[in-house]
1. What are the residue pairs meeting all of these: first residue in the stretch 34-53, first residue touching a residue at least 12 places away in the same chain (Cβ under 8 Å) and of a type in the set (A, V, I, L, M), second residue surrounded by 17 or more Cβ atoms within 10 Å (Cβ to Cβ) and not in a helix (DSSP H, G or I), Cβ atoms under 8 Å, and 6 or more apart or on different chains?
2. For the stretch 4-21, which residues satisfy the criterion of being surrounded by 18 or more Cβ atoms within 10 Å (Cβ to Cβ), within 12 Å of the chain's Cα centre (by Cα) and part of a helix (DSSP H, G or I)?
Amino acid sequence: MNKKWTISEEKYLRDNVDKLTDVEISVELTRTSGREFTMLAVRKKRQKFGLKKARGRGYCKLEEPAKDFYAEVEPIIQTAIV
């Protein structure tokens, strides 16, 4: 059953996402809160916050949102039309 995360639990995730793996965060949250946090629960919450893992690492970083595809190709399309 899904349980609502507290503000302090969410803050812990955001503060430690670049230092700890999802497993390490889940273990620490389970230890401090007294309720079970799985690695999948931590992963889903991290993804909901828009925090992406760096490739090849168990650690995370905040990734910039993707640029608008049409904004990038519009000048190319305009020169092709002319």
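The values are calculated or read from the model by the stated rules, or taken from the named source; none is laboratory data. What you see is a predicted model; the values in this text were computed from it and never measured. Neighbour counts are summed over all protein chains in view; Cβ atoms, including those assigned to glycine, are modelled from backbone coordinates with ideal geometry.
1. 51/17; 51/60
2. Of everything in the stretch 4-21, just one residue is surrounded by 18 or more Cβ atoms within 10 Å (Cβ to Cβ), within 12 Å of the chain's Cα centre (by Cα) and part of a helix (DSSP H, G or I), namely 13.
Okay, residues lined up against (1) at pLDDT 90 or above; (2) surrounded by 10 or more Cβ atoms within 10 Å (Cβ to Cβ):
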position	(1), (2)
2	no, no
23	yes, yes
27	yes, yes
30	yes, yes
51	no, yes
59	no, yes
62	no, yes
79	no, no
